[in-house]
Structures are given as structure tokens and as C-alpha cells.
Amino acid sequence: MEGAQPSLQNQQRVLAAIVVTDAVGFSAQMSADEERALTIINRDLKQIASLCNVFKGQVLKSTGDGLLMCFFSAAQAVACALNIQKKLRGDHKRESFDHRIGIHLGDVYINDSDVMGNGVNIAARLESFAAPGEICVSQVVYDVVKSRLELDVTFLGPLNLKNIQESVPAYQLHPIVELDVCDVELTRPFFAEGYEGYTFDSPLEQGLQTLGNHTDHLRIKKLIFGTCQNLWENDTTVLDQFSLQQLIDSMMQRNPSVEHCRASLYRIVATLNHKEVYSDVAEVILQALTPLYIERAAHQLPTEGEQAQQVVDNVAEETTKDRYQQVADELEHDAQVVRIKKVLYCLCHKVWETDIQKIEQADTAILVQQLYQLTPTPNDLKFRLRHLLNHLNRKAKYTKIVNTIFKAFHPLYSAQTELIPMSTPGLPNSNDTDSPETCFGDLPVGIHPDNTVAFSTKASEGPSMGDVAQVKDRADLFELRLDIVKYCNPLRAKILLHSTLYSPFTGSSQEWSLLRSKTLEDFLREVFSYCPSFEDLESKLSIIVHCLEDSDENEPVVAAILSAIKPYYAEPNQGVTSTDRDRTIVPAVTSMRPASYG
Amino acid sequence: MDNLDNAAELLACYNSGQKDFSGMCLAGLQFPKADLIGANFSKADLERTDLMFSYLSRVNLQQANLSHANLSGVNLNQANLIYTNLSDANLHGASLQGADLRGADLTLADLFDVNLADADLRNADLSGANLTGACLRGANLRQELRSEQTILRGAHLRQVDLRGANLKGADLANVDLSGANLSEAFLKDADLRNANLNGANLKGASLADAQLDGANLRYANLTRSRAQRANLTGCDFTGAVLKGVNFTDTKLCGAQLFQISMIDARLLRSDLSRANLSGANLTQADLTNAYLGRTNLGGANLNGAILFKAELSSANLADAKFSGTTMPDGKVID
């Protein structure tokens with residue numbers, strides 16, 4: 001078997017787990033009430049097929065009262081079979097047949113329309129040995145899955161199967177039928193490798209329990225919070241405003257995979273004083289989140305219900321763009337549109353832009369979209385706005401601006417969470433300070449929101465242009481390329497960047513051809529869009545270097561890339577955290593080159 | 001010492017102090033990541049060897065046969081590769097800084113993203129080689145004799161870095177140099193006919209006596225470049241920057257220079273017949289003795305330009321600006 005998802009379209013010989021089902025008493029029922037029997041069997045088979053789909057199997061053919069299915073993992077095949085039996089027997093609300101299931105792992109020949117081979121015959125014979133509502137598996141299947149799944153089994157001994165020369169040792173699996181387990185829970189797959197146990201607890205609940213009850217739960221929350229917000233927060237009153245579930249949701253929204261999550265966590269860990277302590281904390285978090293990612297990956301395989309949801313999602317996606325435009329329109333009608341855009345621009349680009357022309361040229365709808373993507377929940381937005389506000393000179397004036405933005409963004413969030421109704425949004429000057437949806441009238445900015453006029457005119461709003469050093473122009477990367485290849489091996493540099501952008505380089509022919517289809521410059525350009533900040537790139541590279549062979553050889557490459565690329569990044573955060581004078585965020589002042597570059 | 005049968009034997013010899021493997025047959029051996037710094041492989045047969053990521057700096061490979069060898073990611077800095085056969089070799093991402101490749105056979109070699117900074121490539125044959133993304137900063141590709149020339153026929157030079165490289169007399173006809181960095185490059189006498197220089201950086205490059213007819217120079221930056229006596233017939237300069245260029249005695253017949261910025265350009269004695277300069281900015285340009293037969297100068301800005309003794313009789317001068325311009329008869333228009 002080659003690859004993760006081999007195609008079954010053309011005739012080929014593959015090693016696969018074959019699952020055969022058969023409805024008990026179907027013929028008898030047919031002779032009694034043909035129509036009813038057909039209705040029930042069709043419903044049952046549809047359900048079996050959809051479960052097969054959930055567990056990444058493939059229905060090869062129908063035998064009329066049963067299905068022949070194929071899986072590339074024995075564990076998935078068994079997990080699927082167990083779920084089929086639970087689903088069909090546990091459903092008391094309607095009639096269904098009892099089904100026998102047989103599973104065997106062996107070579108089969110598959111073509112477009114049929115499947116043949118001893119493996120299929122054995123699976124079919126095993127099925128006839130299964131008791132109604134139970135599963136009969138061969139020894140080889142049992143050996144593969146016994147360590148991964150918690151099973152209630154009876155050894156049947158070596159069975160002499162019709163037309164099969166050698167006897168086949170087999171086991172009977174008894175599904176544990178739990179009463180009152182809801183359908184959703186039953187269809188959730190558990191097959192994923194590395195995930196021990198066979199329980200029906202939601203991975204999210206498990207993860208929340210593990211993390212919430214952990215002795216280090218405060219550090220866990222701080223680290224997750226830091227990763228979500230890109231800011232460190234020690235104040236527990238702030239942390240208490242965010243539930244662990246919110247934070248985990250937000251982190252998972254930003255990080256599509258465990259690896260991304262790992263990179264994000266370690267990026268923060270690298271900035272902390274107690275790196276070792278927090279590395280352990282990061283591992284605890286990753287361990288707890290892994291099953292959630294597995295579950296999420298499994299759910300991406302559409303079942304019938306999900307397909308319907310997808311249609312809804314697609315429609316939603318189409319209308320989303322309009323929604324950003326609507327928000328943008330509302331903001332643009334405000335008299336303070338320039339200040340509003342300055343704030344949006346600053347939150348999106350981490351630069352307090354004083355060039356009015358640049359601000360005016362920036363597309364408001366795009367800024368809205370970017371900021372919305374940075375802040376998946378209203379709390380995220382609130383936190384970011386408040387953080388910026390605390391570092392602005394003219395707090396009073398900007399309190400109003402920030403409130404306007406927060407209010408204008410509200411439709412985005414309420415549309416997103418339609419199913420979970422939120423309380424009505426607070427108005428800019430609302431006194432309802434306890435509601436999380438309230439805006440900034442309650443913030444400790446030291447100035448009453450209404451007491452604004454006296455200030456303003458003299459105070460400057462941002463850094464003067466003289467303080468703003470130019471970041472190196474990314475349009476011309478010849479110098480950067482030279483700086484990299486001068487001090488390290490060009491091929492190693494490409495491999496490292498490839499690994500950072502995609503996945504750790506293993507040397508497969510696909511990876512080589514990708515490496516030859518793009519130049520070092522192409523990779524550098526991708527890095528700029530993939531890693532928004534220098535720190536981000538730094539942590540990603542230092543993590544990935546340990547995932548590759550020859551890390552001794554690659555360490556100098558990382559150093560060469562980082563010192564060469566640094567002048568092309570604006571220095572982030574600096575302004576937000578460091579100064580409380582007039583200027584807020586100072587873009588990079590990194591024209592200085594490392595000494596070795598003389 | 002006879003020929004060695006396996007890589008382990010060779011590495012053992014090297015580690016025990018033997019550095020001379022000249023003339024040996026080592027074809028097909030595999031020693032990836034080997035450390036063979038400073039060894040002598042001159043005239044050795046290394047065809048189809050696998051030397052990926054090996055350390056071969058300062059190695060003597062003069063006249064060795066490395067055709068079809070896997071040299072990707074190798075370090076060949078300061079190596080002696082004079083007359084080495086590297087045809088069809090894979091040098092992807094290799095480092096050849098300061099290597100001596102005079103007369104080397106690099107036909108169809110894979111030089112993708114290779115570092116050839118300061119390398120000597122005189123008389124090397126690079127025909128059909130893939131140099132995409134390569135760095136040739138300060139490399140020497142200069143033609144020594146009429147009969148001997150660095151050949152780049154059909155080579156891929158997209159995004160190549162040839163800043164300050166010596167390409168005197170190089171054969172670059174029909175070559176794709178789009179997006180290449182040729183700033184300060186020495187391209188005197190180079191053959192760049194029909195070359196693709198789209199978006200190339202030619203700032204301060206020397207193109208004197210170069211053949212550029214039919215070249216694509218769209219969006220190229222030619223600021224302060226010198227192209228005396230060059231043939232630029234029919235070149236497409238759309239979107240290019242030509243500030244302060246020295247195009248004295250050039251042939252620019254039929255060139256596309258629509259709305260181009262040629263401030264301070266020196267165009268003395270240049271042939272601009274049938275060129276399209278409509279809307280061009282020729283402020284302070286020197287067009288003394290230029291031939292402007294049927295040139296389209298409609299709407300061009302000629303403020304402060306010198307048109308002394310220029311042939312303007314059949315040019316289209318509709319809506320052209322002439323404030324402070326020195327006219328063919330020597331009179332200055334106020």
C-alpha cells in the first residue's frame with residue numbers, strides 16, 4: 001500500500017481490512033412484509049455506509065441485505081464495526097435488523113466494480129460465525145487492534161471455514177451497548193492512532209478536564225492566553241475573563257494542526273524567563289489538545305449532516321465578504337474615520353502609521369477582515385483594543401474611537417455565533433459595565449470618556465516620522481539571497497525553509513521536485529507571508545531544525561538565515577509594551593547588520 | 001595505488017592522510033556528506049558519483065569527469081574545476097564561491113540556486129544549463145579570445161544574480177534573464193539579441209557595443225547605465241527607467257520608448273528614427289547630432305534639452321514642450 005489514501009479506482013492488489021455485514025432474518029421478514037423489510041434494510045444500509053465513510057472506509061458493494069466494505073486500517077475497520085452495532089442495536093426508537101459482521105485483514109484484488117480474493121471469502125465466512133449484533137474477527141485483525149481498542153472478546157478457537165483450506169483462529173467481539181448515549185457521541189470516531197482507550201467522552205471535555213484540573217492550571221492558562229493574544233498576562237482578573245474553553249477554541253482556530261500549535265506555544269515559551277517550566281506546560285497542553293485535533297480532522301470527512309452544514313458554511317462564506325464591507329461602510333460614515341482606520345491599521349500591521357495617505361489608501365473592508373481574523377471572539381477584540389488604548393496618548397479621544405469599532409464589529413460576531421445567542425451589545429457609553437459585551441466606558445484609562453475636549457490639539461498622536469526607520473525593501477531580495485548563500489549552503493537553506501513552510505523534509509521525490517520548482521527567493525517570499533514577525537520565524541526555524549537530520553549542520557544555516565533576514569522585518573511589539581510616551585508603536589530600527597556582514 | 005572499489009576504502013585512505021586520487025576510476029561510487037577537503041582528483045573518473053552535501057572545498061578536479069554526478073548541496077568553494085566535465089551534473093543548491101571553472105563543460109548542468117559568486121567561468125560552456133536563481137555576483141564570464149567565449153546558449157538565467165559580473169562578449173542571445181540582477185555588470189560587446197531582460201536590474205551596467213536588438217527591456221531599470229555604440233534597434237522599453245543613461249552613438253531605431261523617463265540622458269549622435277518617444281520625459285537630455293527621422297515626440301517633455309544639430313525635420317513634435325530647449329540651430333527657446 002502506497003501513500004495514505006491509495007486510489008481504488010483501477011484494478012490493483014492491496015492489503016486491506018475487509019468488513020462484511022449481513023442482516024439477520026432478512027429473508028423471513030421479506031416473505032412476511034416485503035415493503036417494510038425493504039424500508040428497514042435500506043435505512044440500515046444507509047446508516048452503515050455513512051459510518052463507513054466517517055471511519056474513512058469505502059463501500060465496495062451491496063449484497064442486498066449487507067455491505068462489503070474496505071478499510072486501510074484494521075483499527076478503523078473494527079472501530080467502525082463496533083459503532084455500527086452500537087448504532088443499530090442501541091437505537092430503540094425505531095425498528096432495525098440485527099446484523100452480523102465479519103472482518104479479516106488480507107490481500108484483495110479491487111477494481112471499479114468488484115473485489116475478489118481469499119480475504120473477502122474469509123471475511124464473509126467469519127461473518128456467518130458472528131452472533132446477531134456481534135462481530136467476528138480473525139486472529140490477525142484481533143492482534144492488530146487489541147492494544148488500541150478496549151474490547152470485550154471471546155476466543156472462538158480455530159474455525160474451519162467453508163472452502164478455506166487452513167483453519168482460521170477467530171474472536172467474537174461484543175459491543176458494549178450503553179443506554180442513553182446520544183447519536184452524536186456514537187458516531188464520533190476514535191480510531192486515530194496514538195489515541196488510547198475507547199471511550200465515549202468528548203475529547204474537548206477530556207482536554208478541558210485534564211488542563212483545568214492540572215496542578216499547573218494557572219500556568220497552562222497563562223501560556224494559552226499568551227499564545228492566543230500574543231501578549232503575556234499575569235493578572236488573574238484579566239485571565240478570569242476568558243474561559244479555558246474559549247481560549248482553546250481560539251487557539252485551535254488559529255492553528256490548523258498540532259504542529260502549528262506547538263510552534264505557536266514555543267514561540268511564546270522562548271520569550272519567557274522560566275523556559276523549562278513552560279516547556280513542560282506546553283507539552284501538557286499539546287498532549288491534551290492532540291485528541292481534539294484528531295477529532296477535528298476526522299470530522300472534516302463529511303457525513304450527511306456535515307454536508308448539509310457545509311452548504312450552510314459555503315453560503316456563509318459568500319456573505320461574509322459583504323459583512324466586512326457593511327462594517328467598513330458603517331465605520332466610514334463616522335466623522336472620525338481616519339482615527340478609526342489608524343487603530344485598525346495599527347492592530348493589523350502593528351505599526352502606528354502617521355502617514356495619512358497610507359491610512360487613506362488602506363481598504364477599510366480589508367482591515368476589518370484582517371482584524372476580525374486576528375480576533376475570533378469579541379473578547380479577543382476587546383482585549384486587543386484595550387491594550388492598544390492603554391498605550392495611546394489621547395486615551396479619551398480614542399476611547400470613543402475604540403468603542404465605535406467594537407460596536408461596529410458586533411454584527412460579525414453575532415452572525416458567527418448564531419446558535420449561541422449573545423446578550424445585546426453594549427452601547428458606547430453604556431453603564432452596564434459588568435456585561436462582557438460592554439465596551440470601554442468601564443476601562444481603567446484614567447479619563448472619563450466624556451471629558452475629552454480639553455486635551456487633544458497639542459498632543460501628537462503617533463511617532464514623528466524621523467523616528468521611523470525604514471525596513472529593508474522586500475521587493476529586491478538579491479542582497480538577502482547573497483547574504484544567505486554567502487554564509488551557508490544554499491540547498492540546506494532551501495530545505496530548512498521548505499520544512500518550515502510545509503513539513504519536515506524527508507527526501508521524498510515529491511519534496512525534491514517541489515524544491516526544484518521554486519527558487520530560494522520564492523521560498524523567502526513565502527516565508528514573509530507565512531511568518532508575520534521575525535520572532536515567529538525565529539521560533540519556527542529553531543523548532544524545525546530539531547525535526548531534521550543533521551541538526552548540527554543546520555544550526556549554522558538557521559543562524560545565517562535569521563541574521564540575514566532580520567533587517568527585512570519590522571520590529572514588533574516594541575512600541576505597544578515599552579513606551580508610554582507619545583509614540584505608541586515604533587516600527588523596526590534594524591538597519592544595523594551583524595558584524596560578520598561588514 | 002590502483003582504482004578503489006568502494007567509497008569506504010577511499011575515505012579510509014583520505015583519513016589516513018592520502019590526498020592524491022588523481023586519474024583514478026571512481027565512477028558510480030557513493031559518498032554523500034563525505035569530507036574530502038583539499039583532495040586531488042585531477043583527471044579522475046567520477047562519472048555518476050553521488051557526492052551530495054560533500055565537503056570538497058579547494059579540491060583539485062581539473063579535467064576530471066563528473067558528468068551526471070550528484071553534486072547537489074556540495075561545497076566546492078575555491079575548487080579547481082578547470083576543464084572539468086560537469087555536463088548533466090546535478091549541482092542544485094551547491095556552493096562554488098570563487099571556484100575556477102575556466103573551460104569547464106557545464107552543458108545541461110543543473111545549477112539551480114547555485115552560489116557561483118566570484119567564480120571564474122571564462123570559456124566555460126553553459127549551454128542549456130539551468131542557472132535559475134543562481135548567484136553569480138562578481139563572477140567572470142569574460143571573453144578572452146574571439147574564438148573562445150563563455151557560452152550561455154539556451155541557459156535559464158531567471159532571477160540570476162550577476163551583479164558586477166564580467167560578461168564581456170558573452171553570448172547571451174535569446175537567454176531568459178527576466179528579473180535578473182545585472183547592476184554594475186560589465187556587458188561590453190555582449191550578445192543580448194532577443195534576450196528577455198524583463199524587469200532586470202541594469203543600474204550602472206556597462207553595455208557598450210553590446211548587441212541588444214529585439215531585446216525585451218520592459219520594466220528594466222537602466223538608471224545610469226552606459227550603452228555607447230550599442231545596437232538597441234526595436235527594443236521594447238515600456239515601463240523601463242532610463243534616467244541618466246549614456247546612449248551616445250546608439251541605434252534606437254523603432255524602439256518603444258513611450259512615456260519613458262529619460263531625464264539627463266545622453267543621446268548624442270543616436271539614431272532614434274521611427275522610435276516612439278511620445279509622452280517621454282527628456283528634460284535636460286542631450287540629443288546633439290541625434291537623428292530623429294520620423295520619430296514620434298508627440299507630447300514629449302523637452303524642457304532644457306539640447307537638440308543642437310539634431311535632425312528633426314520629419315519628427316512629430318505635436319504638443320511637445322520646449323521651454324529652455326536648445327534647438328538644432330543653436331537658439332534657446334524661452
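Name the pairs whose Cβ atoms lie under 8 Å apart, with the first residue in region B:295-316 and under 19 Å from B:K251 (Cα atoms), the second acidic (D, E), and 6 or more positions between them or separate chains? Hits for this filter: B:I306/B:D286.
Every residue, every condition in (1) without any contact (Cβ under 8 Å) to a residue 40 or more places away in the chain; (2) away from chain A (no Cβ under 14 Å); (3) out of contact with any Cys (no Cβ under 9 Å at 6 or more places or on another chain); (4) buried (at least 19 other Cβ atoms within 10 Å of the Cβ), yes or no:
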position	(1), (2), (3), (4)
B:S178	yes, no, yes, yes
B:S183	yes, no, yes, yes
B:L187	yes, yes, yes, yes
B:D191	yes, yes, yes, yes
B:A195	yes, yes, yes, yes
B:N198	yes, yes, yes, yes
B:K203	yes, no, yes, yes
B:A208	yes, yes, yes, yes
B:L212	yes, yes, no, yes
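Which ones in region B:97-128 are within 14 Å of another protein chain (Cβ to nearest Cβ), within 15 Å of B:A165 (Cα to Cα) and out of contact with any helix residue (DSSP H, G or I) (no Cβ under 8 Å at 6 or more places or on another chain)? Across region B:97-128, the qualifying residues are B:G98, B:A99, B:L116, B:D118, B:A119.
Selection within region B:131-163: residues that are surrounded by fewer than 24 Cβ atoms within 10 Å (Cβ to Cβ) and not in a loop (DSSP other than H, G, I, E, B). The member of this set that is nearest to the other protein chains (Cβ to nearest Cβ) is B:H156. Of all residues in region B:164-176 being within 14 Å of another protein chain (Cβ to nearest Cβ) and either in contact with a Leu (Cβ under 6 Å, 6 or more places away or on another chain) or without any contact (Cβ under 8 Å) to a residue 24 or more places away in the chain (or both), which is surrounded by the fewest Cβ atoms within 10 Å (Cβ to Cβ)? Out of the qualifying residues, it is B:D176. Total residues in region B:5-35 satisfying the condition of being part of a loop (DSSP other than H, G, I, E, B) and either touching a residue at least 24 places away in the same chain (Cβ under 8 Å) or closer than 16 Å to B:H68 by Cβ (or both): the figure is 8.
The rows are residues; the columns are (1) of a type in the set (S, T, Y); (2) part of a strand (DSSP E or B); (3) closer than 21 Å to A:K162 by Cα.
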| position | (1), (2), (3) |
| --- | --- |
| A:F97 | no, no, no |
| A:I101 | no, yes, yes |
| A:L105 | no, yes, yes |
| A:Y109 | yes, yes, yes |
| A:V120 | no, no, yes |
| A:A124 | no, no, yes |
| A:E127 | no, no, yes |
| A:G133 | no, no, no |
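Per the listing A:A469, A:A564, the residue uniquely at pLDDT 90 or above, under 30 Å from B:S183 (Cβ atoms) and small (G, A, S) is A:A564. Among A:E185, A:E196, which is the only one that is touching a Phe, Trp or Tyr at 6+ places or on another chain (Cβ under 6 Å), outside any strand (DSSP E or B) and modelled with pLDDT under 85? Answer to the selection: A:E185. Residue pairs whose Cβ atoms lie under 8 Å apart, separated by 6 or more positions or on different chains, with the first residue in region A:472-501 and more than 11 Å from chain B (Cβ to nearest Cβ) and closer than 18 Å to A:C531 by Cβ and the second of a type in the set (K, R) and surrounded by fewer than 21 Cβ atoms within 10 Å (Cβ to Cβ), are A:R474/A:R525.
Residues are listed down the side, and each one gets a yes or a no for (1) modelled with pLDDT of 80 or more; (2) under 23 Å from the mean Cα position of the chain (by Cα); (3) of a type in the set (F, W, Y); (4) in a helix (DSSP H, G or I):
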position: A:L211; (1), (2), (3), (4): yes, yes, no, yes
position: A:T215; (1), (2), (3), (4): yes, no, no, no
position: A:R219; (1), (2), (3), (4): yes, yes, no, yes
position: A:T227; (1), (2), (3), (4): yes, yes, no, yes
position: A:T237; (1), (2), (3), (4): no, no, no, yes
position: A:Q245; (1), (2), (3), (4): yes, yes, no, yes
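Exactly one residue out of A:A564, A:A560 is aliphatic (A, V, I, L, M) and either in contact with a Cys (Cβ under 7 Å, 6 or more places away or on another chain) or over 20 Å from B:S95 (Cβ atoms) (or both): that is A:A560. The residues of region A:502-518 that are away from chain B (no Cβ under 11 Å) and of a type outside the set (S, T, N, Q), listed by number, are A:Y502, A:P504, A:F505, A:E511, A:L514.
Residues are listed down the side, and each one gets a yes or a no for (1) surrounded by 24 or more Cβ atoms within 10 Å (Cβ to Cβ); (2) in contact with a strand residue (DSSP E or B) (Cβ under 6 Å, 6 or more places away or on another chain):
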{"position": "B:G244", "(1), (2)": "no, no"}
{"position": "B:D249", "(1), (2)": "no, no"}
{"position": "B:F258", "(1), (2)": "no, yes"}
{"position": "B:L267", "(1), (2)": "yes, no"}
{"position": "B:A275", "(1), (2)": "yes, no"}
{"position": "B:N281", "(1), (2)": "no, yes"}
{"position": "B:Y291", "(1), (2)": "no, yes"}
{"position": "B:A300", "(1), (2)": "yes, no"}
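Okay, residues lined up against (1) among the basic types (K, R); (2) surrounded by fewer than 18 Cβ atoms within 10 Å (Cβ to Cβ); (3) at pLDDT below 90:
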residue	(1), (2), (3)
A:S460	no, yes, yes
A:D473	no, yes, yes
A:L477	no, no, yes
A:I484	no, no, no
A:R492	yes, no, no
A:I495	no, no, no
A:H498	no, no, no
A:Y502	no, yes, yes
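In this structure, A:P449 does not satisfy being away from every other protein chain (no Cβ under 14 Å), over 21 Å from B:A94 (Cβ atoms), crowded, with 21+ Cβ neighbours inside 10 Å and at pLDDT below 85. Out of A:L105, A:L45, A:L68, one residue alone is under 22 Å from A:L151 (Cβ atoms) and of a type outside the set (K, R). It is A:L105.
Yes or no, residue by residue, for (1) touching a Gly at 6+ places or on another chain (Cβ under 7 Å); (2) small (G, A, S); (3) surrounded by fewer than 24 Cβ atoms within 10 Å (Cβ to Cβ); (4) part of a loop (DSSP other than H, G, I, E, B):
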site	(1), (2), (3), (4)
B:H68	no, no, yes, yes
B:Q78	yes, no, yes, yes
B:Y83	yes, no, yes, yes
B:D88	no, no, yes, yes
B:G93	yes, yes, no, yes
B:Q97	no, no, yes, yes
B:R102	no, no, yes, yes
B:T107	yes, no, yes, yes
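Residues in region A:39-61 that are farther than 18 Å from A:Q85 by Cβ and surrounded by 15 or more Cβ atoms within 10 Å (Cβ to Cβ): 3 in all. Filtering A:E521, A:E526 for residues that are surrounded by fewer than 23 Cβ atoms within 10 Å (Cβ to Cβ), within 8 Å of chain B (Cβ to nearest Cβ) and charged (D, E, K, R) leaves a single hit, A:E521.
The values are calculated or read from the model by the stated rules, or taken from the named source; none is laboratory data. On a predicted model such as this, the values are computed, not experimentally measured, just so you know. Positions of Cβ are generated from backbone atoms using ideal geometry, with glycine treated the same way; all protein chains shown enter the neighbour counts.
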